[in-house]
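Undergrad: Below you will find the structure I want to go over with you.
The values are calculated or read from the model by the stated rules, or taken from the named source; none is laboratory data. Since we're looking at a predicted model, the values are computed, not measured. Virtual Cβ from ideal backbone geometry, glycine too; neighbours counted across all protein chains shown.
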């Protein structure tokens, strides 16, 4: 009796385990038990795509990668052939664009199919599409790491210079010298203002005929005398000769 009860428990456990396994299989891959067809994508670089990677059309899961092969084309160039299973009822235009995409910057890689033009012939089973060259995130990440390294190096140098006591002293001296230069400029400006003020006073006095020079400028008697002397010399030039 005990043996029968134990066998019953074991049987129930096995059935439950199988049911859970079947459920997980259905949830993990809805395409395993659906009809479909295979197509081929040609890439220069698959950028992390592996067997089982999703295939999406217009952002919707329609298949998965079944196989990846490295081959040489007719021109002798190395390429990656990606064989993908596509669910039945999925229509891919022959001019559709195929590229490798990523869920986020470092997320899962998958094949993205962008729908082609309306009215274009549909890709048949076994058909081939040439993929666009993917963006190599590893290269971008490496470039970013180099940039961060350079920035850290620059920050270390700046920090070393700023924390140097000699640098602080130089900065203080620079500001002190700048303060002195500013003071000297202010003094020079004041002197120039005084000089301009004095010049204005002198010019004013000359204009008003004050002082000897002002009197000469205002009085035309000297000018008349000079004119008369000049005319006299022209008429009697011998007056300039000394008597022997």
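Undergrad: Condition test on residue 69, is it exposed (fewer than 12 other Cβ atoms within 10 Å of the Cβ), modelled with pLDDT of 90 or more and touching a strand residue (DSSP E or B) at 6+ places or on another chain (Cβ under 9 Å)?
TA: Answer is yes for this residue.
Undergrad: Okay, next question. Tell me which residues, restricted to segment 106-122, are outside any strand (DSSP E or B) and in contact with a strand residue (DSSP E or B) (Cβ under 6 Å, 6 or more places away or on another chain).
TA: 116, 120, listed by residue number.
Undergrad: Just to be sure, is residue 41 modelled with pLDDT of 90 or more and either surrounded by fewer than 10 Cβ atoms within 10 Å (Cβ to Cβ) or under 36 Å from the mean Cα position of the chain (by Cα) (or both)?
TA: Criteria met by residue 41.
Undergrad: If you don't mind, there's one more thing I want to ask. Would you confirm whether or not segment 46-55 contains a residue that is closer than 27 Å to residue 119 by Cβ and under 37 Å from the mean Cα position of the chain (by Cα)?
TA: yes
Undergrad: Test residue 49 against the criterion of being under 14 Å from residue 100 (Cβ atoms), touching a strand residue (DSSP E or B) at 6+ places or on another chain (Cβ under 6 Å) and modelled with pLDDT of 90 or more, and give yes or no.
TA: So residue 49 does not fit the description; no.
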